[in-house]
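Data block below; observations after.
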Amino acid sequence: MSKLIAAENIFEPSEGRAFVEGLRSGAIKRGLGIGDKVADQHLAYKPEQLVFINGHDNVGKTDWILWYFCVLSKKYNLKWDIFSAENSIGSLKVKIAQFLTGINIFKIPEMQLHRTYDEMSEMFNFIRNGRLFDAKQILEVSSGTKSNGLLIDPYNSLKGMGLGNNKHEEDYEICALKRIFCKQTHKSLYVNTHLVTEAARKKFPKDHVNEGHLMPPEKADTEGGQKFANRADDFISIHRMTQHPTAFNVTEVHVRKVKETLTGGSVTPREAPLLFTMQDYCKFTIGGNNVLETTPVQQTLTTLNHAKNDKFETESVQKDADPFPY
């Protein structure tokens, strides 16, 4: 067994100062928002982030995530790899086309739909879901694309890898692989997860305004337990009371964890999640505003020359600045 050398494994005193000074000077930009004053206090896209998402079945987790990605793509020219094992490629494209146009799929004019297909191809790569992948294979596929992030939807659709002595240990090993993927590719990884059975039994108590309806999940309600929240940079719970007589179309976004708040983002108050209202099955609004319609495309985020750096910077960042050194 080789002896580990201290000099090779200890940070130099000067390392990390670029982040501190860049943060203080403004050279390091905050995470990217969606263009809503309230939401942007809590939601922030950043490169190299591992984000876990949980929620009950049939609440529209995939719908909201795709809409969120569409907003970031329109505003900042970001591109996403999508692996969705439980949705057909056709259904995914229907959802995205409706979000991009704000029009029901049966009412989009033919020429506009063709333009939307072209726009969609600039925003998304869809990974084939006709075979079983393990986590390492999915990460390898995404490593070979030009994109800013990957969605795994859901986590339990991936086959086991035989790591560790049991599933618990394997999940921790896979989380480590995911963090390495984020660091090496400079991409963000979003992982959609299911809940344990007990979470489906948690309902609002008697005399509560939402009495009898399912309660939004906690981080620890994730299938596999708290370990995913422990390893996440950010953690989001998506909830919707599907049988509520009036709020059935309101998606609650609970930001449960933001590891690095200095560069943007914060948890939402327990009783005040972000509320997104679905209208006509083709648009989300927050505070009555559909940011896909009302916010102009700003495309300030550009990809650097791969020979120089695979990270991203805004046009206002100096050429020699390291925009997101975390």
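Figures for the structure shown
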read-out: Sorted largest first, extent of the range 45-118 alpha carbons per principal axis (Å); value: 38, 30, 18
read-out: Fluctuation leader among Lys61, Lys159, Lys178 - the chain, Gaussian network, Cα springs under 10 angstrom; value: Lys159
read-out: Calculated FRET efficiency for the pair Asn156/Gln279, C-beta based, R₀ 35 Å, to 0.05; value: 0.65
read-out: Principal axis box of the range 153-206, alpha-carbon based, largest edge first, Å; value: 50, 29, 16
read-out: Rounded FRET efficiency, nearest 0.05, which uses the C-beta distance separating Lys206 from Gln184 and R0 of 45 Å; value: 0.30
read-out: The range 248-295: Cα Rg divided by the 2.2 N^0.38 Å rule of thumb; value: 1.34
read-out: Entries in Lys136/Lys257; Lys3/Lys187; Lys37/Lys187; Lys46/Lys219 that, when Cα-Cα distance is taken, lie over 23 Å; value: Lys136/Lys257; Lys3/Lys187; Lys37/Lys187
read-out: P(r) of the range 90-180 over all Cα-Cα pairs, binned every 5 Å from zero, in whole percent; value: 2, 11, 20, 17, 14, 12, 10, 7, 4, 3, 1, 0
read-out: Probe 1.4 Å, all protein chains present, accessible-area order of Val209, Val51, Val250, Val196, largest first; value: Val209, Val196, Val250, Val51
read-out: The range 164-260: relative contact order in percent, alpha carbon pairs under 8 Å with at least 6 residues between; value: 19 percent
read-out: Carbon and sulfur %, accessible surface of the chain computed with the full protein complex present, 1.4 Å; value: 51 percent
read-out: Heavy-atom accessible area order for Ile127, Ile180, largest first, 1.4 Å probe; value: Ile180, Ile127
read-out: Of every Cα-Cα pair in the range 1-137, the percent that sits beyond 22 Å; value: 57 percent
read-out: Relative contact order for the chain, counting Cα pairs under 8 Å that sit 6 or more residues apart, in percent; value: 27 percent
read-out: Potential extension, Arg30-Glu8 segment - 0.36 nm per residue separation minus Cα distance; value: 4.7 nm
read-out: Charge context of Lys202, other residues only, Cβ under 11 angstrom, K/R +1, D/E -1; value: -1
read-out: The chain: Rg to Rh, with Rh as the Kirkwood radius over Cα pairs; value: 0.97
read-out: Computed over the range 1-134: relative contact order in percent, which uses C-alpha pairs under 8 Å that are six or more apart; value: 20 percent
read-out: Cα-projected label distance for Gln41 with Gln243, points at 7 Å along beta-carbon direction, nm; value: 3.4 nm
read-out: The chain: antiparallel DSSP beta bridges as a percent of all, rounded to 5; value: 50 percent
read-out: Thr263, Thr101, ranked by accessible area, largest first (probe 1.4 Å); value: Thr101, Thr263
read-out: With DNA, RNA and ligands ignored, accessible area of Arg131 (1.4 Å probe; Å², nearest 10); value: 130 Å²
read-out: Listed residues Asn210, Asn290, Asn129, most fluctuating in the chain (Gaussian network, C-alpha, under 10 Å); value: Asn210
read-out: Charge context of Met278, other residues only, Cβ under 9 angstrom, K/R +1, D/E -1; value: 0
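The values are calculated or read from the model by the stated rules, or taken from the named source; none is laboratory data. Note that the coordinates shown come from a computational prediction; the quantities given were computed from them, not determined experimentally. Reconstructed Cβ throughout: ideal geometry from the backbone, glycine too, with neighbour counts over all protein chains shown. Accessible surface is based on the protein model in full, side chains and every heavy atom, while ligands, DNA and RNA are left aside. Shrake-Rupley method; radii C 1.70, N 1.55, O 1.52, S 1.80 Å.
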